[in-house]
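**Q** I am attaching a structure below and will ask some questions about it afterwards.
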Amino acid sequence: MNYWLMKSEPDAFSYDDLVRKGKAEWDGVRNHAAQGHMRAMRRGDLSIFYHSNIGVEAVGIMEIVEEAAPDSTDDSGKWIAVHVAPRERLAKPVTLKAMKADSALSNMVMLRQSRLSVAPLTKAEFDHILAMSKA
DNA sequence: GCCAACGTTGGC
DNA sequence: GCCAACGTTGGC
């Protein structure tokens, strides 16, 4: 089981939108590092849903329900997407500021490379963010 | 709206 | 293959 963090701008696609749809293709990723992470995802992996630009915080947990397949928004055939489903909303969002301030997360890939829209998390990091959301 | 980080493009 | 120019992302 692997853990991930995926970003979306909530005015384009929010956690509420995902809850409403029940399941969604995580499409439009056009960065090779992020694509590599999506190819490594397996059914049942869990991912933090993070709102970039607006809110700037982790808001929910989702599950990878379908592994990498051609991105339906890509005509070139080069890019892949996964499918995700909502699992649970965080009791309290965990802000970027709080994550940056927490030494337990100092090696988090997303904090070190802020532009990466799909990033891996260790189990410890994932569990720590969940604990912060309940504190 | 600004700017830093970083990916991509194109000239050489 | 290098590197400058440019575009995009994302935080502030």
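Here, each number is a calculation from the coordinates, and none is a lab measurement. As the structure is a computational prediction, the values presented were derived from the model and not from experiment. Because the Cβ atoms are built from the backbone with ideal geometry, glycine has one as well, and the counts that use them run over all protein chains shown.
**Q** At a threshold of 8 angstrom on Cα-Cα distance, excluding pairs fewer than six apart, so keeping six or more, what relative contact order does chain A reach in percent?
**A** On the way: 272 pairs, mean separation 41.8, N = 135.
RCO, chain A: 31 percent.
**Q** Less than 16 Å apart at the alpha-carbon level, and either on another chain or at least 8 residues along: which aspartates and glutamates does that give for residue A:21?
**A** Partners found: A:11, A:63, A:66, A:88.
**Q** Name the most mobile residue of A:118, A:29, A:59, meaning the one with the largest mean-square fluctuation, in a Gaussian network model of chain A with Cα contacts below 10 Å.
**A** A:29
**Q** Mind checking which lysines have their C-alpha under 19 Å from residue A:92, skipping anything on the same chain fewer than 8 residues away?
**A** The reachable lysines, counting only those whose Cα sits under 19 Å from residue A:92, are A:7, A:100, A:134.
**Q** Quick check on chain A: helices-only [θ] at 222 nm, where DSSP H runs of length 4 and up contribute -39,500 (n - 2.57) each and the sum goes over total residues. Nearest 500, please.
**A** Helix-only estimate at 222 nm: -7000 deg cm²/dmol.
**Q** Still on this structure: Which one, A:75, A:17, A:45, has the greatest fluctuation when you compute a Gaussian network model over chain A with C-alpha springs under 10 angstrom?
**A** A:75
**Q** Around residue A:65, under 14 Å between beta carbons, what's the net of Lys plus Arg minus Asp minus Glu among the other residues? Spell out each step's value before the answer.
**A** Values: positive: A:21, A:23, A:42, A:43, A:87; negative: A:25, A:45, A:63, A:66, A:67.
So the surrounding residues net to 0.
**Q** List the residues of the range A:22-45 whose backbone N lies under 11 Å from a point placed 7 Å from the Cα of residue A:78 along the Cα-to-Cβ direction.
**A** Residues A:30-32 qualify, since their backbone N sits under 11 Å from the label point.
**Q** What is the distance in Å between the Cα centres of the range A:4-48 and the range A:68-135?
**A** Distance between centres, Cα-based: 9 Å.
**Q** Rounded, prolate or oblate: which fits the range A:1-53, taking a ≥ b ≥ c as square roots of the Cα gyration tensor eigenvalues, rounded meaning a/c under 1.5, else prolate when a/b beats b/c? Each step should come with its number before you reach the end.
**A** Details: a/c = 1.83, a/b = 1.30, b/c = 1.41.
Taking the square roots of the gyration eigenvalues as a ≥ b ≥ c, the range A:1-53 is oblate.
**Q** Here's something else I'd like to know. Could you tell me how many cubic angstrom of Cα convex hull volume chain A has per residue? Could you put the intermediate results ahead of the total?
**A** Numbers: hull volume 13.1 nm³, N = 135.
Value for chain A: 97 Å³ per residue.
**Q** Out of A:47, A:103, A:117, any idea which swings most in a Gaussian network model of chain A, alpha carbons joined below 10 Å?
**A** A:103
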